[in-house]
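What follows is a single structure, written as structure tokens, with notes after it.
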Amino acid sequence: IAYRSALSDLGLLAHPVRTVFVACEQQVKFSKVSGRPLRVVIERPQTIHLGAEVVERSWRSTVERALFECAMRVDLVVGIEHLAEALAKGARNADARRMATLAKSFGGRGSAAVRRLASLAHALDLPLALNPEVGKSQSMIRLDPCDRRDVWVDSALKVAWSVSVEELRAVIGN
């Protein structure tokens, strides 16, 4: 269980998630699980179990992995507002060192995910001590890669936001 489903299962989202998101090493042949739509995300064997825990007969992303993977694939959390909500609820229980380790395992995409999480945490005053190194030559990334609007730029972490800090504060009630 991964992505938005893991956030929901961990209690980090206010509204339940209908679609079941799972990470698999290969495509599966069915499109529903217990009558609910199934969304499969193909992942490499080397990374599929990193930051995951055994729950009964399956695996579920830990708090760190669920937040991290949703920051890597914002489209699978259905918007930055849901990621901000989950981060606000899970920041106290998330281990920044584990997220940094995950980032190294996922390369450039992992580095971008940690920058997104750090930018959100810093701007929204959330208790997550992520401090990724951002070099002068590193390029700007988008908080939500699917949204091209520029509303605010976190110049320290080089993250362009498509929503205002105030908007996300209202979403998380902070």
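The values are calculated or read from the model by the stated rules, or taken from the named source; none is laboratory data. All of these numbers come straight from a predicted model, not from anything done at the bench. When we count neighbours, we look across all protein chains shown, and the Cβ atoms used for this are built from the backbone with ideal geometry, even at glycine. Side chains included, ligands, DNA and RNA excluded: accessible areas come from the protein's heavy atoms. Shrake-Rupley method; radii C 1.70, N 1.55, O 1.52, S 1.80 Å.
Name the residue, out of Thr19, Thr62, that is in contact with a helix residue (DSSP H, G or I) (Cβ under 9 Å, 6 or more places away or on another chain), touching a residue at least 12 places away in the same chain (Cβ under 8 Å) and open to solvent by 30 Å² or more (accessible area, probe 1.4 Å).
Details: Thr62 fails: open to solvent by 30 Å² or more (accessible area, probe 1.4 Å).
So the residue among Thr19, Thr62 that is in contact with a helix residue (DSSP H, G or I) (Cβ under 9 Å, 6 or more places away or on another chain), touching a residue at least 12 places away in the same chain (Cβ under 8 Å) and open to solvent by 30 Å² or more (accessible area, probe 1.4 Å) is Thr19.
Here is a yes/no grid of residues against (1) open to solvent by less than 50 Å² (accessible area, probe 1.4 Å); (2) more than 28 Å from Ser139 (Cβ to Cβ):
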{"position": "Val28", "(1), (2)": "yes, yes"}
{"position": "Glu56", "(1), (2)": "no, yes"}
{"position": "Val77", "(1), (2)": "yes, no"}
{"position": "Leu83", "(1), (2)": "yes, no"}
{"position": "Ala91", "(1), (2)": "yes, no"}
{"position": "Arg98", "(1), (2)": "no, no"}
{"position": "Gly107", "(1), (2)": "yes, no"}
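Quick grid of which residues meet (1) in contact (Cβ under 8 Å) with a residue 40 or more places away in the chain; (2) open to solvent by less than 40 Å² (accessible area, probe 1.4 Å):
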{"position": "Ala113", "(1), (2)": "yes, yes"}
{"position": "Leu117", "(1), (2)": "yes, yes"}
{"position": "Lys136", "(1), (2)": "no, no"}
{"position": "Ser139", "(1), (2)": "no, no"}
{"position": "Pro145", "(1), (2)": "yes, no"}
{"position": "Trp152", "(1), (2)": "no, no"}
{"position": "Val163", "(1), (2)": "yes, yes"}
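Please indicate, with yes or no, whether at least one residue in the stretch 123-137 is under 27 Å from Gly11 (Cβ atoms) and assigned to a helix (DSSP H, G or I). Walk me through how you get there before you give the answer.
Residues of the stretch 123-137 under 27 Å from Gly11 (Cβ atoms): 123-132.
Applying the additional criterion that residues be assigned to a helix (DSSP H, G or I) yields 123.
Yes; the residues of the stretch 123-137 include at least one that is under 27 Å from Gly11 (Cβ atoms) and assigned to a helix (DSSP H, G or I).
If a residue must be of a type in the set (Gly, Ala, Ser) and within 18 Å of Cys70 (Cα to Cα), how many such residues does the stretch 130-160 contain? Spell out the reasoning first.
Initial filter on the stretch 130-160 (of a type in the set (Gly, Ala, Ser)): 135, 137, 139, 155-156, 160.
From what is left, the residues that are within 18 Å of Cys70 (Cα to Cα) are 160.
Of the residues in that region, 1 qualify.
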Note to self: Just the residues that are part of a strand (DSSP E or B) and at pLDDT 90 or above, please, taken from the stretch 56-80.
What the structure shows: Trp59, Arg60, Ser61
Item checked: Residue that is small (Gly, Ala, Ser) and assigned to a helix (DSSP H, G or I), where the choices are Ala23, Ala91, Ala14 -> Ala91
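Can we say Leu38 is under 22 Å from Arg142 (Cα atoms) and either aliphatic (A, V, I, L, M) or within 11 Å of the chain's Cα centre (by Cα) (or both)?
Working: under 22 Å from Arg142 (Cα atoms): no; either aliphatic (A, V, I, L, M) or within 11 Å of the chain's Cα centre (by Cα) (or both): yes.
Against the criterion (under 22 Å from Arg142 (Cα atoms) and either aliphatic (A, V, I, L, M) or within 11 Å of the chain's Cα centre (by Cα) (or both)), Leu38 does not qualify.
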Margin query: Taking the condition of being in contact (Cβ under 8 Å) with a residue 40 or more places away in the chain, within 13 Å of Val63 (Cβ to Cβ) and open to solvent by 10 Å² or more (accessible area, probe 1.4 Å), how many residues in the stretch 2-11 meet it?
Written below: 3
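Run down Gly173, Gly135 and say which single residue is on the phi > 0 side of the Ramachandran plot and over 14 Å from the mean Cα position of the chain (by Cα).
Working: Gly135 fails: on the phi > 0 side of the Ramachandran plot.
Just a single option satisfies the conditions, and that option is Gly173.
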Check: Mind checking which residues of the stretch 32-44 are open to solvent by 80 Å² or more (accessible area, probe 1.4 Å), modelled with pLDDT of 90 or more and not charged (D, E, K, R)?
Finding: Ile42
